[in-house]
1. All but one of (1) more than 23 Å from residue 155 (Cβ to Cβ); (2) at pLDDT 90 or above hold for residue 185, so report the exception by its number.
2. For the stretch 66-76, indicate whether the set of residues that are within 16 Å of the ligand (Cβ to nearest atom) and in a strand (DSSP E or B) is non-empty.
3. Based on this model, can you work out whether residue 34 counts as within 16 Å of the ligand (Cβ to nearest atom), among the charged types (D, E, K, R), at pLDDT below 85 and not in a loop (DSSP other than H, G, I, E, B)?
4. From 89, 55, 69, 82, which residue is of a type in the set (A, V, I, L, M, F, W, C) and modelled with pLDDT under 90?
5. Go through the stretch 8-17 residue by residue and tally those that are in contact (Cβ under 8 Å) with a residue 60 or more places away in the chain and either touching a strand residue (DSSP E or B) at 6+ places or on another chain (Cβ under 9 Å) or of a type in the set (A, V, I, L, M) (or both).
6. Among (1) modelled with pLDDT of 90 or more; (2) within 16 Å of the ligand (Cβ to nearest atom); (3) closer than 26 Å to residue 148 by Cα, there is one condition residue 48 misses while meeting the rest; what is its number?
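The values are calculated or read from the model by the stated rules, or taken from the named source; none is laboratory data. Because the structure is predicted, anything quoted here is derived from the model rather than measured. Every residue, glycine among them, receives a Cβ derived from its backbone with ideal geometry; neighbour counts consider all protein chains shown.
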Amino acid sequence: MSVCERCGGTGFEIVTRDGREYAQACGCRRAGQERHGDALLDACRIPARYEHCTLGDFFPQTAQHRAALEKTLYFCSGYPNLTEEGLGLLFTGSNGVGKTHLAVAALRELAATKRVRGQFWDFHELMREIKRSFDPETKTTEMQVLDPVVEIDVLLLDDLGAWKITDWMNDTLFYILNSRYLARRPTIITTNFQDVSAQEAVEADRLVRREYLVDRIGQRLRSRLTEMCLKIPVDGEDFRERRQAAGRNAVLGTSGHAPDPAPTEPPRRPRFGG
Ligand SMILES: [Zn+2]
């Protein structure tokens, strides 16, 4: 099979119109291809506020955004032939810079063109659901939540580290990521926290020191994540502020779920696979 010269097989070419860049569907994409994924797309659990997010309506504002878009395109076109490092994508960047947009767009693209089964989960919501399904009688987690999360083709975990991660959550997340890694199933993750090594975090100037991803999720999880994920930094100007400033859809400016307190009682650890 020959690879399209225009788009290199990604199905998109990056074009400039009216001074802004975006990914335009290449003519080599089969007509109507995107519609075939509808049932799969509906099953992806993409929240309404991200429904509009596609690769074609991500407009890179900086060179880094463009690189992020290109990496996402190549990840999608390469699926399911992924490298070890490409068994996931780790989008990092502050609020509103478009990382969830790109993550959702990748999920949509894979559902539409590669027929993958995918699931979007707000990380904290997923932990609550798993915990809710925990059966204190048998000390096991009912598998109706956990099994699909491990077995789905592509899992999107949004907003990792936004809330305090308990030991139980840490163990559960490690179990999910490790199981998926061993089964070679990609996981797409977004986080507001910058990813640096534990060493770099320690060495950061304490006066300006921020919290890093490793501070939020610990060294073991961070190692696993960086081994399996292609890192995609999406920093820079806040997309949502720009949208609001431009008087566009103010709904896009909401920051998602309302704050709720992290579970306080020590969760009992589920016995997995028993
Ligand atoms: Zn093409």
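1. (1)
2. For the stretch 66-76, residues within 16 Å of the ligand (Cβ to nearest atom) and in a strand (DSSP E or B): absent.
3. yes
4. Values: 89 fails: modelled with pLDDT under 90; 55 fails: modelled with pLDDT under 90; 69 fails: modelled with pLDDT under 90.
So the residue among 89, 55, 69, 82 that is of a type in the set (A, V, I, L, M, F, W, C) and modelled with pLDDT under 90 is 82.
5. 3
6. Condition (2) is where residue 48 drops out.
The rows are residues; the columns are (1) among the aliphatic types (A, V, I, L, M); (2) surrounded by 20 or more Cβ atoms within 10 Å (Cβ to Cβ); (3) assigned to a helix (DSSP H, G or I).
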{"residue": "46", "(1), (2), (3)": "yes, yes, no"}
{"residue": "60", "(1), (2), (3)": "no, yes, no"}
{"residue": "95", "(1), (2), (3)": "no, no, no"}
{"residue": "115", "(1), (2), (3)": "no, no, no"}
